[in-house]
Amino acid sequence: MLRQFSVLCVLLLWLAPLARAADEPILIEEEPRHRLKFQNEHVRYFDVELEPGYKTLYHWHRSDGVFVSIASSPTIAQDLGKEPVQRGERAIGEIYFIDYASKPKAHRITNSGSTPYRVVDTEILSSCGATNPAVEGPNQTLVVDNARAFVTRIMLHPGESTELYAPCGMLVSVSGGTVALESPAVSESIDMQPAGFKWRQQKQTTKLVNTGKFVFHGVDIRLK
């Protein structure tokens, strides 16, 4: 009996560091479902998709970010060292800004629903310089306006257009669709899937046209 007790004590002492290591927060890009799709000196773009039942590893958020909900499911959020919190479903296309640069946080997320949970995170790293006046273009609705970004929701019926302003920004597709970008320097047709994105960095305004057959639902994140 004494021998068994000694073996148990040794086993517990051996397992304790492993348990602590499992809860040690990692960098966001090291979390398996936080897929880094694009980065430059100004932004990093993460596509996060959690299948039902998946629990992320604890990971750090240290940069301000604009989040856009792509696929909805209830989740459980747990900040490091705190109790888990059940959250309801976010609306598809919901946009929110979190100032992680001034309030870094390590947490983990569990998809507690029966459908995939998907969100994209545009981390803002640095400005692109002086911006045009902070106004929304046609067929756009202002959602976020702060020191880091000017964010609008775009709804374009087939044939409709809007303007994407200089100097730089990230266009995010919520619904998917076929669009065209037109400017003196650019003429490009893009087939965008949900969570698709297009980075722009130019001196002139770019025209965005819905050349598809369905309503295009997008989000424009213009850096300040």
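The values are calculated or read from the model by the stated rules, or taken from the named source; none is laboratory data. A quick note: this is a predicted structure, and the numbers were derived from the prediction, not measured. No Cβ is skipped: glycine too gets one built from the backbone with ideal geometry, and neighbour counts run over all protein chains shown. SASA here: full protein model, heavy atoms, side chains in, ligands and nucleic acids out. Shrake-Rupley method; radii C 1.70, N 1.55, O 1.52, S 1.80 Å.
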Looking at region 182-189, can you tell me whether even one residue there is surrounded by fewer than 18 Cβ atoms within 10 Å (Cβ to Cβ) and within 21 Å of the chain's Cα centre (by Cα)? no
Could you list, in sequence order, all residues of region 42-57 that are open to solvent by 60 Å² or more (accessible area, probe 1.4 Å), assigned to a strand (DSSP E or B) and either acidic (Asp, Glu) or closer than 10 Å to Val120 by Cα (or both)? Glu49
Give the number of residues within region 142-188 that are touching a residue at least 12 places away in the same chain (Cβ under 8 Å) and under 27 Å from Ser102 (Cα atoms). 17
Tell me the residue from Val135, Val144 that is part of a strand (DSSP E or B) and among the hydrophobic types (A, V, I, L, M, F, W, C), please. Val144
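Suppose we filter region 132-141 for residues that are open to solvent by less than 40 Å² (accessible area, probe 1.4 Å) and of a type in the set (Val, Ile, Thr); how many remain?
Of the residues in that region, 0 qualify.
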Looking only at residues that are open to solvent by 60 Å² or more (accessible area, probe 1.4 Å) and small (Gly, Ala, Ser) in region 92-126, which one is nearest to Glu41 (Cα to Cα)? Ser102
Residue among Gly177, Gly129 that is closer than 25 Å to Lys37 by Cα, open to solvent by less than 50 Å² (accessible area, probe 1.4 Å) and at pLDDT below 95: Gly129
Let me confirm something: among Val151, Val144, Val215, which residue is modelled with pLDDT of 95 or more, open to solvent by 50 Å² or more (accessible area, probe 1.4 Å) and within 30 Å of Pro74 (Cβ to Cβ)? Val215
